[in-house]
Structure formats: structure tokens, C-alpha cells
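Laboratory data are not the source of any read-out in this text; all were calculated from the coordinates shown. Quick caveat: nothing in here was measured; it's all calculated off a predicted structure. Glycine gets a Cβ as well: all are built from the backbone with ideal geometry, and neighbour counts include every protein chain shown.
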């Protein structure tokens, strides 16, 4: 992921500072590309009270700016993580980051989802917000897991948010789990059936046998 590269594989670390749906483009192969590095700044990789960059010139797009940046101008890689969490919610729900209510008031999409997740029937209510194009059972399972990942990115305290490397690992786990649930079976050379995808077992990649087939 490009954001992980910016945060972990450049020296010094860079913060994009303007992550939103307008600045993530898709090429003809549907591969995401980051655009608009106008606001990008050098920053510290770690989030501590003694190693953050502060600015008095707070700029950005409403709905995507992290609370610590709005409150004090604090700039770290975790503000990109926060904005990415908002983008992820937009993709899952098909809704804008700021929702205009019938009375004209504005509500953050993240606030609505956060309120839902604390309720006993959270998953049922989340179904109402999931993009209708995600109609299959496996897609809904994936969407709910991605909602939980996005909410981890939106935690108010920046030090408690995952970093981009951890976000990428979470994506891989979710993808592997969904592939394991949905991949078809085939007959292998020994005559038994196995999953077409592979799962990690004791540090090695092995095929998973299909039960009852």
C-alpha cells in the first residue's frame, strides 16, 4: 500500500495530510494511486508527546482531519491513518464522510457508525449502512470486518490507532479469511479434494482440505 511506503519506507517519514476519496485515483487495472502531495510533510514515525511536529496552519478537507490535528495542529503519520479510516467507511457504506440530515444539520459518518457499534444489535444495524452492492453473505462478512478495522483507525487517541503496516496486515487477514470461506474445491493429484486457495499453517503455506467432499 502506498501509504505504508510513505510512512515506513521513506527516510524521513512523510505524512500525506490530505487523504480523501478525491485524492485516491484508480488506473485502468483498478489499482489505487495517491494524488495531490501538496500538503505532504516530513514527520516522526512514532507518536509520543516529545516527538511530534506541530503547525499553526491547519488545512484539509472537512470530515477527514484527525481530532489532534484540528485541536492543536499535531502532525504525525497517525493523522493519515485516521483519514484512511474515513475513506474506508465511505467505500463500505457508499455514503459521504459528512451526511446532511433532513433538518439541514450535518453529521459525521464516523460518528453514526461509532454510535451503532456500541449497541447490542450492532451487526444488524450495520447491515443497513453497508453499500447495497455488497449483497452476498461473504461480502457482508468482509464489510463488517472492514468497518471494525476502520473504527480502529478512528480512535481519538492517535497512539491507540494502528499504524499503516498493521492496517495492511489486517487487510491480508480479512482477505485470507474470506478466500478460505468462499474458494471452490478441486481434486488434487492424490485424489482428495482441497481448497484452491492456501492457508498459513505453522509458518508454511498449505492447502486446506474440504470437509465432506
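Structure data summary
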| item | result |
| --- | --- |
| Distance in nm between pseudo-label sites at residue 114 and residue 140 (7 Å out along the Cβ direction from Cα) | 2.7 nm |
| Potential lengthening between residue 33 and residue 157 on full extension [0.36 nm per residue; Cα-Cα distance subtracted] | 41.8 nm |
| Residue 105-residue 165 FRET efficiency (beta carbon distance; Förster radius 25 Å; 0.05 resolution) | 0.10 |
| Ranked packing of 33-39, 64-70, most packed first, by mean Cβ within 10 Å | 64-70, 33-39 |
| Ordering of 71-84, 17-30, 162-175, 97-110 by burial proxy (mean other Cβ atoms within 10 Å per residue, highest first) | 71-84, 162-175, 17-30, 97-110 |
| Added length on full extension, which subtracts the Cα-Cα distance from 0.36 nm per residue, residue 11 to residue 96 | 27.2 nm |
